[in-house]
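Visitor: Dumping the structure here so I can ask a few things about it.
The values are calculated or read from the model by the stated rules, or taken from the named source; none is laboratory data. As the structure is a computational prediction, the values presented were derived from the model and not from experiment. Cβ coordinates were reconstructed from backbone atoms using ideal geometry, including for glycine residues, and neighbour counts include every protein chain displayed. Protein only, heavy atoms only, side chains kept; ligands, DNA and RNA dropped before computing areas. Shrake-Rupley method; radii C 1.70, N 1.55, O 1.52, S 1.80 Å.
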Amino acid sequence: MKYLIPVDASKAALAPIDHLEAAKRRGASVEAVVLNVQPRMHRHIAQFTRRPDRDAWRAERSRVAMAGAIERLSRAGVPFRALAEVGLPAERIAAVAEAEHVDEILIGVGRHPRWLRWLKPPIAQGVVARTDIPVAVMARGRENAFERYAVPAGVVGLAALLIAAE
C-alpha cells in the first residue's frame with residue numbers, strides 16, 4: 001500500500017511511522033510519501049524579501065521537519081519519497097494525495113483541549129473535507145496542562161477584571 005505521511009517538526013507527527021514499521025515487519029508491501037507543507041508568507045512581509053531567499057528558507061525548514069521521518073523510514077527499509085510543498089496545509093495534503101494516487105493518508109497529531117480545537121480546527125479535519133482518500137489520524141501524547149487549565153482560567157480572570165472595572 002502507498003501511504004501519504006504529512007509531517008512537521010513535532011514528535012507527534014511521527015506516529016504513523018510506527019504503523020509503517022510494524023507493517024513492514026509483518027511482511028506487508030508498504031511505500032511512503034513524506035510531505036512537509038510550508039506556509040506562504042503574507043505579501044506585506046514577502047515584499048521585503050527576495051524569492052530565492054524565501055525558497056531557501058522554506059527548503060531548510062522542510063529538511064529539518066522531515067529529517068526524523070526520513071531517518072526512521074530508511075532504518076526500517078521502507079521505500080519512500082520526500083516532497084515539500086508551499087500553501088495551505090489541508091489543501092496541499094489533499095492535492096498531493098490525489099496526484100500521488102496514495103491508498104491512505106496517515107496523520108500524526110498531538111492532543112489538545114476542546115477549546116483549542118474549536119479555536120483552530122485541526123488540519124486533519126480540512127483534509128477529510130477535501131478528499132475521498134481514507135484519512136487515519138493517530139494521536140500521541142497528553143494534553144498540555146497549561147493549555148487545558150491555565151489559559152481558560154486566565155481568560156475567565158481577565159473577563160472578571162473587565163466586569164469589575166465597569
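Visitor: Using alpha-carbon pairs under 8 Å, 6+ residues apart, how would you state the relative contact order of the stretch 29-110 in percent?
Guide: 49
Visitor: How long, wide and thick is the stretch 1-119, going by the Cα atoms along their three principal axes, in whole angstroms, largest first?
Guide: Cα extents, longest axis first: 52, 37, 25 Å.
Visitor: Which value, in Å², gives the accessible area per residue of the stretch 1-115 when a 1.4 Å probe is used on the protein heavy atoms?
Guide: 56
Visitor: Turning to a different aspect of this structure: Near Ala59, within a Cβ-to-Cβ distance under 13 Å, what is the net charge of the other residues, with Lys and Arg +1 and Asp and Glu -1?
Guide: Net local charge, Ala59 excluded: +1.
Visitor: Taking K and R as +1 and D and E as -1, what net charge do the other residues with C-beta under 15 Å from the C-beta of Val102 add up to?
Guide: Residues close to Val102 contribute a combined charge of -3.
Visitor: Further question: At a 1.4 Å probe radius, carbon and sulfur cover how many percent of the accessible area of the stretch 31-112?
Guide: With neighbouring chains kept in place, the figure for the stretch 31-112 is 54 percent.
Visitor: When the Cα atoms of the stretch 1-54 are enclosed in a convex hull and the volume is divided per residue, what value in Å³ results?
Guide: Convex hull of Cα atoms, per residue: 99 Å³.
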